[in-house]
Amino acid sequence: MEPIRTLRSRTAVLPVSDVDTDQIIPARFLTTTTREGLGQHLFADWRYGPDGTPRPDFALNRPAAEGCAILVAGNNFGCGSSREHAPWALTDYGFRAVVSTQIADIFRSNSLKNGLVPVIVDPATHRWLLEHPGAEVSIDLETATLRHPAGEAHFPLEPFARYCLINGVDELGFLLGREAEITAYEARVGIR
Amino acid sequence: MSTIAQTLFEKVWRAHEVTPETADTPAVLYIDLHLIHEVTSPQAFTVLRQRALKVRRPQLTFATMDHSTPTRTEQVFGGAPIAIEAAARQVRELEVNCAAFGVELLDLRNDRRGIVHIIGPELGLTQPGKTVVCGDSHTSTHGALGALAFGIGTTEVGHVLATQCLLQRKPRTFAINVKGQLPAGVSAKDLILAIIGRIGVSGGTGHVIEYRGETIRALDMDGRMTVCNMSIEAGARAGMIAPDETTFAYLSGRPRAPRGEDWERALERWRALPTDPGARFDQEIDIDASTLEPMVTYGTNPGMVIPIGGAIPERPGDPVFEKSLAYMGFSPGQPIKEHPVNVVFVGSCTNGRLSDLRLAASLLRGRKVASGVQMLVVPGSQQVKREAEAEGLDRVFLEAGAEWRESGCSMCLGMNGDLVAKGHYAVSTSNRNFEGRQGVGARTLLASPLTAAACAVRGRVTDPRELM
Ligand code: SF4
């Protein structure tokens, strides 16, 4: 995982609440056995018409949304299935952060493992961001702060998650480093 | 032993701390049972190969195939190829991975195969006090036996394969106390839909729910699993129910349950698991089950739910709500009853167990599925299928004009090609009514097996009590 300290980008705004993982990546694209290439299917049923051409009215298809690394979504993002294909699709598409008022637990955990920063902001900040698509926003992980032209907001970022993001550490390495403790636990409870 | 009153969740959590959490690091939590399936495991095995790692405890890992597998008998047993090439590839890859890493697999033709959350309890693999994970959010189902069970992503599947552990922050606890007797025609599915309607689709975020109270105690294991299954639809990663005599009677004699002296020792441990009197929860609500009615969803998330006799709510000036209704083809204020239905699906890890099929069959017996309606009945496992057939339930469904299939996730998510057509209305006993969940443009109404069967008979949204 690439270390991330700060992110700076214009925002793409998707003003829909309760965006679920079936919308982020519909189940028919889950038959892949790799992580790559899912960005083309991100929000597939919203992004493309029945004939496969992009729908001009969909937020991410507007020219202004091109190249944005920060996605601002409506309330409660990422509910539904545990499919890690959702953050894989978002990062493959080019997003590095998702901003909402609430982010579902499993999606949040999956995002952190893939260098996609889940940013939970207060309702006022959220409203401002929704109303200003394309705003220049920066996200500082060291201080867990999101700054936008009209103000700033702190967001919750668990110290360990921040450590992993900033240093590009992957959790598997951390867990493998706990071999002695794991073996001791197994001996204690009788797992051989 | 500590004398502080603890909840069921806290007891299970503590017993599995390899190292407890600190301000800087999450807990390292030991996992007793890791269930894997074909869709969320391939990339995890790839990581093992890249880093030259083994599966640490293959004997605690168990694989099945369910999500993308066919349900047509000729494709499962008749040698006809799996219609979707990518699905066939996933199935093959799981076989190769399990063989290479020494993981036990119930393959496509195995008579114990089924939906991962049905077979865990059915085989007795899921037990009280265990930690259970799977790369699937409905792992919450297993909490019905008093296990701490939650869904994980594929990276975490790799963590558990390699280390048998996960890094976890301790979630908060949420007690849902249910009292009162469920009225006739109202089932566990209606109860959990009503709970989700009450607390909302993010009401349980960050929490583990414990379902408590006399109504929960009175549910059989199938009903308890239905309730815990949909904890994730309320935003909670896990739902739990304290083990009791119902749990022990269910587990006794199951192939992977302890036997003899081991069983006696296990019982002793399990009896100590229920929440201590006076233990505190971070949140708590009370529900009166005696006033509930059959519930049905009308929108595009499971929190958009009303009693079947109700009307679609009005929320003027809420564009998200309007968009959802537009997708469903409903208008505010419209009664949901009598709305035409095209497809009825009975199955899934929510309602694909024997008692669910019995309920559906009880309404269909001697009746016909309305003309123009497709009804698909998909047992949750091959064992459920055999048991249902032994009772003649398959005949009831077939004579009514429904289809009777091999087990799998099927139309719950449509990965295997069992799809609802664009614009069609499906009354489904599954758990998610998201846009496109059952097919592009498909419109899903979640309901109980009884309600689903009633809708099939009338070809319209129907209160099952009218046919009972
Ligand atoms: S039946 Fe549906 S919800 Fe359950 S595991 Fe399968 S796809 Fe997931």
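The values are calculated or read from the model by the stated rules, or taken from the named source; none is laboratory data. Source: prediction; values computed, not measured. Note that each Cβ is placed from the backbone with ideal geometry, even for glycine, and that neighbours are counted across all protein chains shown. Just the protein is used for accessible areas: all its heavy atoms, side chains included, with ligands, DNA and RNA removed. Shrake-Rupley method; radii C 1.70, N 1.55, O 1.52, S 1.80 Å.
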Residue ranges of helices (runs of 4 or more DSSP H) in the stretch A:59-159 with at least 1 members open to solvent by 10 Å² or more (accessible area, probe 1.4 Å), farther than 30 Å from B:H138 by Cβ and away from the ligand (no atom under 16 Å from the Cβ): A:123-131
Test result for B:I241, farther than 20 Å from B:V305 by Cα, in contact (Cβ under 8 Å) with a residue 12 or more places away in the chain and open to solvent by less than 20 Å² (accessible area, probe 1.4 Å): yes
Qualifying residues in the stretch A:41-60 (those that are over 19 Å from A:F77 (Cβ atoms) and in contact with a helix residue (DSSP H, G or I) (Cβ under 8 Å, 6 or more places away or on another chain)) - the one nearest to the other protein chains (Cβ to nearest Cβ): A:R55
Considering residues of the stretch A:17-28 that are open to solvent by 20 Å² or more (accessible area, probe 1.4 Å) and free of Cβ contacts under 8 Å to residues at least 60 places away in the same chain only, the residue nearest to the ligand (Cβ to nearest atom): A:R28
Scope the stretch B:119-143; condition touching an Asp or Glu at 6+ places or on another chain (Cβ under 9 Å), away from the ligand (no atom under 14 Å from the Cβ) and not in a strand (DSSP E or B); matching residues: B:Q127, B:G129, B:K130, B:G143
Count of residues meeting criterion [within 16 Å of the ligand (Cβ to nearest atom), away from chain A (no Cβ under 12 Å) and under 30 Å from B:G146 (Cβ atoms)] in the stretch B:36-78: 6
Residue pairs meeting the criteria (Cβ under 6 Å; at least 6 apart or on separate chains; first open to solvent by 70 Å² or more (accessible area, probe 1.4 Å), in the stretch B:245-264; second not basic (K, R)): B:R256/B:L123; B:R256/B:G124; B:R256/B:L125
Meets criteria (more than 14 Å from chain A (Cβ to nearest Cβ), part of a helix (DSSP H, G or I) and surrounded by fewer than 24 Cβ atoms within 10 Å (Cβ to Cβ)) for B:A194: yes
Sole exception among (1) in contact with a strand residue (DSSP E or B) (Cβ under 9 Å, 6 or more places away or on another chain); (2) away from chain A (no Cβ under 14 Å); (3) in a helix (DSSP H, G or I); (4) not small (G, A, S) for B:T350, by number: (2)
Candidate set from the stretch B:84-136 (those that are among the acidic types (D, E) and within 11 Å of B:L35 (Cα to Cα)); member that is most open to solvent (accessible area, probe 1.4 Å): B:E104
Residue within the stretch A:167-181 that is closer than 17 Å to A:A97 by Cα, more than 10 Å from every other protein chain (Cβ to nearest Cβ) and of a type outside the set (F, W, Y) present: yes
Those residues of the stretch B:149-175 which are part of a helix (DSSP H, G or I), in contact with a Lys or Arg (Cβ under 9 Å, 6 or more places away or on another chain) and more than 7 Å from every other protein chain (Cβ to nearest Cβ), in sequence order: B:E156, B:V160, B:L161
Residue in the stretch B:277-297 that is open to solvent by less than 20 Å² (accessible area, probe 1.4 Å), closer than 26 Å to B:L376 by Cα and within 16 Å of the ligand (Cβ to nearest atom) present: yes
